[in-house]
Amino acid sequence: ALGLATTSSIFAVADALLLNPVPFAQSDRLVQVWSTMNGSSITQLPRDLAVRWMQRSDLFASSGVFNQTSALVTSGGDPEVIGAVEISPGLMETLGARPILGRTFVAEEGRPGNDRVVIISTDVWASRFGKAPDVLARTIRINALDYRVIGVMASTFRFPYSRQRLWLPIDPANPQPGKEKIFVTLVARMKPDMTREMLSQQVVAAG
């Protein structure tokens, strides 16, 4: 079924409904790519298929993927399950979002064997670190592992939904063990000379 879906799907481009109403930079240039089959929309794509689309520099100015998850945080307070998002390096830049402290993920982060890093929300910064100014020198314990904090997002940042307060890196081209079959959501920024209609036609033709 998956093979049939990846070879016979019609790909479409839509307004980034999941991104609204958060005011990302030039949000009218953001789109989500999904597949449709037998009249049904599939908003998540197989990881390897999403990687192939991310490599289409002829279609998109930039792109990235994400996958919603959850995380058990046990440091800085009572244990709590917090909504989290696994994102590919470059997705924040595609969204036009920058941390108020620190940085976003770099290309090698999220690959097996690399240091564990995390971007946290302002809420987590306040509740778990008391808004300590040296938060970027600290770690937070997530799922029994220590992650180094590299960035703090503004209180107005909500992606993809308000319940997500942690962002963890994934490299879809080099997945962590056990995540080879993961499904992800693909978000892209259109090129300046591209309209939605033009992009839709090109994506459908390429699909």
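Starting from region 51-70, keep only residues that are under 15 Å from GLN202 (Cα atoms), then list their pairs with residues that are open to solvent by 70 Å² or more (accessible area, probe 1.4 Å) and not hydroxyl-bearing (Ser, Thr, Tyr) whose Cβ atoms are within a distance under 9 Å, requiring at least 6 positions of separation or different chains.
What qualifies is ASP58/GLN202; LEU59/GLN202; ALA61/PRO192.
State all residues of region 134-174 that are hydrophobic (A, V, I, L, M, F, W, C), touching a Gly at 6+ places or on another chain (Cβ under 9 Å) and not in a loop (DSSP other than H, G, I, E, B); if no residue qualifies, say none.
Residues of region 134-174 that are hydrophobic (A, V, I, L, M, F, W, C), as a first pass: 135-137, 140, 142, 144-145, 149-150, 152-154, 157, 159, 166-168, 170, 173.
Now narrow it down to the ones that are touching a Gly at 6+ places or on another chain (Cβ under 9 Å): 135-136, 140, 149-150, 152, 166-168, 170.
Selection gives VAL135, LEU136, ILE140, VAL149, ILE150, VAL152, LEU166, TRP167, LEU168.
Do you know which residues across region 23-59 are out of contact with any helix residue (DSSP H, G or I) (no Cβ under 8 Å at 6 or more places or on another chain) and in a strand (DSSP E or B)?
Taking region 23-59 and keeping what is out of contact with any helix residue (DSSP H, G or I) (no Cβ under 8 Å at 6 or more places or on another chain), we get 23, 26, 28-29, 34, 36, 38-41, 43-44, 47-48, 50-55, 57-58.
The answer is TRP34, THR36, SER40, SER41.
Which condition number in (1) part of a helix (DSSP H, G or I); (2) surrounded by 14 or more Cβ atoms within 10 Å (Cβ to Cβ) is the one that ALA205 fails?
For ALA205, the exception is condition (2).
Sort out which residues of region 71-105 are among the aliphatic types (A, V, I, L, M), at pLDDT below 95 and in a loop (DSSP other than H, G, I, E, B), and write them in order of number.
ALA97
Of the residues MET198, MET190, which single one is buried (at least 20 other Cβ atoms within 10 Å of the Cβ) and of a type in the set (A, V, I, L, M, F, W, C)? Walk me through how you get there before you give the answer.
Details: MET198 fails: buried (at least 20 other Cβ atoms within 10 Å of the Cβ).
Of MET198, MET190, the one residue that is buried (at least 20 other Cβ atoms within 10 Å of the Cβ) and of a type in the set (A, V, I, L, M, F, W, C) is MET190.
Has region 175-186 got at least one residue that is closer than 26 Å to ASP123 by Cα and not in a helix (DSSP H, G or I)?
Of region 175-186, the ones closer than 26 Å to ASP123 by Cα are 184-185.
Add one more test, that the residue is not in a helix (DSSP H, G or I), and what stays is 184-185.
Taking every residue of region 175-186 in turn, at least one turns out to be closer than 26 Å to ASP123 by Cα and not in a helix (DSSP H, G or I).
Can you tell me how many residues within region 33-50 are open to solvent by less than 20 Å² (accessible area, probe 1.4 Å) and modelled with pLDDT of 80 or more?
Applying the first criterion (open to solvent by less than 20 Å² (accessible area, probe 1.4 Å)) to region 33-50 yields 33, 35, 45-46, 49-50.
Restricting the remaining residues to those that are modelled with pLDDT of 80 or more gives 33, 45-46, 49-50.
Here the count works out to 5.
List the pairs whose first member sits in region 122-145 and is over 15 Å from ARG165 (Cβ atoms), whose second member is of a type in the set (A, V, I, L, M) and open to solvent by 30 Å² or more (accessible area, probe 1.4 Å), and whose Cβ atoms are under 8 Å apart, counting only residues at least 6 apart or on separate chains?
Every condition considered, the pairs that remain are LEU136/LEU101; ALA144/LEU72.
Which of the residues that make up region 71-109 are β-branched (Val, Ile, Thr), in contact (Cβ under 8 Å) with a residue 24 or more places away in the chain and under 16 Å from LEU166 (Cα atoms)?
Of region 71-109, the ones β-branched (Val, Ile, Thr) are 73-74, 81-82, 85, 87, 94, 100, 104, 106.
Still in the running and in contact (Cβ under 8 Å) with a residue 24 or more places away in the chain: 73-74, 82, 85, 87, 94, 100, 104.
Within region 71-109, VAL73, THR74, ILE82, VAL85, ILE87, ILE100, THR104 meet the criteria.
Only residues in region 167-186 that are under 13 Å from MET54 (Cβ atoms) count as the first member; pair them with residues that are of a type in the set (Ser, Thr, Tyr) and surrounded by fewer than 18 Cβ atoms within 10 Å (Cβ to Cβ), Cβ under 7 angstrom, at least 6 apart or cross-chain, and list the lot.
Partner pairs satisfying both residue conditions: THR185/THR43.
Which one is most open to solvent (accessible area, probe 1.4 Å), of the residues in region 144-169 that are over 26 Å from GLY113 (Cα atoms), within 15 Å of the chain's Cα centre (by Cα) and not small (Gly, Ala, Ser)?
Kept after step one, since they are over 26 Å from GLY113 (Cα atoms), are these residues of region 144-169: 154-163.
Filter once more, so that each one left must be within 15 Å of the chain's Cα centre (by Cα): 157-163.
Then keep just the ones that are not small (Gly, Ala, Ser); that gives 157-161, 163.
Numbers: PHE157: 16, ARG158: 74, PHE159: 2, PRO160: 7, TYR161: 96, ARG163: 144 Å².
Among residues in region 144-169 that are over 26 Å from GLY113 (Cα atoms), within 15 Å of the chain's Cα centre (by Cα) and not small (Gly, Ala, Ser), the one most open to solvent (accessible area, probe 1.4 Å) is ARG163.
Name the one entry in ASP123, ASP134, ASP115 that is under 20 Å from VAL73 (Cα atoms) and more than 20 Å from the chain's Cα centre (by Cα).
The conditions single out ASP134.
Give me the residue from region 110-121 that is of a type outside the set (A, V, I, L, M, F, W, C), surrounded by 13 or more Cβ atoms within 10 Å (Cβ to Cβ) and touching a residue at least 40 places away in the same chain (Cβ under 8 Å) and, out of that set, nearest to ARG29 (Cα to Cα). Walk me through how you get there before you give the answer.
Narrowing region 110-121 to residues of a type outside the set (A, V, I, L, M, F, W, C): 110-116, 121.
Narrowing further to those that are surrounded by 13 or more Cβ atoms within 10 Å (Cβ to Cβ): 110-111, 114, 116, 121.
After this cut, where a residue has to be touching a residue at least 40 places away in the same chain (Cβ under 8 Å) as well, the list is 110-111, 121.
On the way: GLY110: 27, ARG111: 29, SER121: 25 Å.
Result: SER121.
The values are calculated or read from the model by the stated rules, or taken from the named source; none is laboratory data. Bear in mind that the values here come from a model prediction, so they are computed numbers and not experimental data. All Cβ positions, even for glycine, are placed from backbone atoms using ideal geometry, and neighbour counts span all protein chains on display. The accessibility values were calculated without ligands, DNA or RNA, using every heavy atom of the protein model including side chains. Shrake-Rupley method; radii C 1.70, N 1.55, O 1.52, S 1.80 Å.
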